[in-house]
Amino acid sequence: MKVAILGGGGCFAINFANYLASDGIDHFGIGRSGLKIPAFWQVDHYYKYHKLHLVDQLSAVIAVLDTERPNVIVNYAAQGEGAASFNDNAPDYFETNCVALTRLVCELRKRPYIKRFIQIGSSEVYGSPASPAKETDLLDPTSPYSISKAAFDLYLQSMWRTAKFPMNIVRPSNCYVEGQQLHRVIPKTIIAAMKGTKLPLHGGGKAEKSYMHAMDLSSAVHLIMHSAPLGATYNVGPDEPISIRDLVSKVAITMGMAPEDLIEDVPDRVGQDSKYHLDCSLIKELGWRIGISLESGLKGMVNWVKCHPKLLEAETTYKHRR
């Protein structure tokens, strides 16, 4: 088996590459950015990486795939950050998350060496469900980001129904991992705590989301790659969501702080979904379970930041990249 990892320079993709390496599976990555791994990221030494932009260099991406001839493609490539997708950068989300991937699949359908395409989707396509969202529920995306993700999911499902394109979709909860972008809530909270500054919580942090370590996402994708029926979609995440306020409080307590010394309430942001909650019964039927508890994962994240004090000097606000 050989696996191609698209969006292969991101922290979750690198975690998956490490997971494949530990299982002895041949793999390589393709991504828009150079694979510059700081000391606080671990990556296996056999990770062959191609710096190519999926939107602007699709023919080159296809050429690499035709040379390497992977059996499985796992796509982590995405224009992320739902809050930022409401501004003038909205077209970038559709170009990457929908149009470029649709063009890619049109090419992959002509290539018999592709036996499985796994799309890393988003739990945000369900909107704010009143009860745990099931894979068969109607999609209700609310941001340009989640709309672009839902559009490609629907395209993939139509290609499975009409042409038996060998695909699976994974819709994970929010993930975190050592080496994550510093504007994400967990590393940003840890850095604020270590610097002695307040962390603004939109809407007081009442929104509820689910958080899972990237290692558990990697184990789910690995399981789907080996055991899932083609055409199936899987939610992947913990059983219960947690409010952002409670999450930040857990980080504060892990660091020996009182939550009120860290939290600052600010008005809610535009387009904030109130709750992400997934029914993950289907992936559990394959044998998947959460392996890293939130409490254990947070301790690891705190230790990561403490071991790399230069992170305290880094920017923690989101910067848009095409």
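The spacing between the stretch 196-218 and the stretch 54-97, judged by their C-alpha centroids, is 25 Å. Work from the charge dipole of the stretch 169-215 (Cβ charges, +1 for Lys and Arg, -1 for Asp and Glu, about the Cα centre) and give the residue of P172, I191, H213 farthest towards its positive end. So the residue we want is I191. Within the shell defined by Cβ-Cβ distances under 14 Å, the residues around S293 carry a net charge of -1, with Lys and Arg each +1 and Asp and Glu each -1. How much net charge surrounds R109 when only other residues with a Cβ under 12 Å from its Cβ are counted (Lys, Arg +1; Asp, Glu -1)? Charge balance near R109 sits at +3. Taking amide H as placed 1.01 Å from N in the peptide plane, the amide H of K48 sits under 5 Å from that of G29, each at least 5 places away or on another chain.
In debye, nearest 20, what is the charge dipole magnitude of the stretch 209-322 about its Cα centre with +1 on Lys and Arg Cβ and -1 on Asp and Glu Cβ, if you could check?
On the way: 13 positive and 15 negative charges, 103 e Å.
Result for the stretch 209-322 is approximately 500 debye, rounded to the nearest 20.
Using the 1.4 Å probe convention, the accessible area of the chain works out to 44 Å² per residue with neighbouring protein chains retained.
Shape class for the stretch 192-243: prolate, because the ratio a/c of the largest to smallest gyration tensor axis (alpha-carbon atoms, square roots of eigenvalues) is 1.5 or more and a/b beats b/c. Given V305, Y49, S227, which one lies farthest toward the positive end of the charge dipole of the chain, if we put +1 on the Cβ of every Lys and Arg and -1 on the Cβ of every Asp and Glu? So the residue furthest toward the plus end is Y49.
Indicate the gyration tensor shape class of the stretch 228-303 (rounded, prolate or oblate), computed on the Cα atoms with a ≥ b ≥ c the square roots of the eigenvalues: a/c under 1.5 is rounded; otherwise a/b larger than b/c is prolate and the rest oblate. Since a/c reaches 1.5 but b/c is at least a/b, the shape of the stretch 228-303 is classed as oblate.
Give the shape of the stretch 85-137 as rounded, prolate or oblate, defined through the alpha-carbon gyration tensor: a ≥ b ≥ c are the square roots of its eigenvalues, a/c under 1.5 means rounded, and otherwise the shape is prolate if a/b is larger than b/c and oblate if not. Because a/c hits 1.5 or more and a/b fails to exceed b/c, the stretch 85-137 counts as oblate.
The values are calculated or read from the model by the stated rules, or taken from the named source; none is laboratory data. Owing to the predicted nature of the structure, the values given are computational and were not obtained by experimental measurement. Note: ideal-geometry Cβ built from the backbone for every residue, glycine included; neighbour counts use all protein chains shown. Surface accessibility is based on the protein's heavy atoms, side chains included, excluding ligands, DNA and RNA. Shrake-Rupley method; radii C 1.70, N 1.55, O 1.52, S 1.80 Å.
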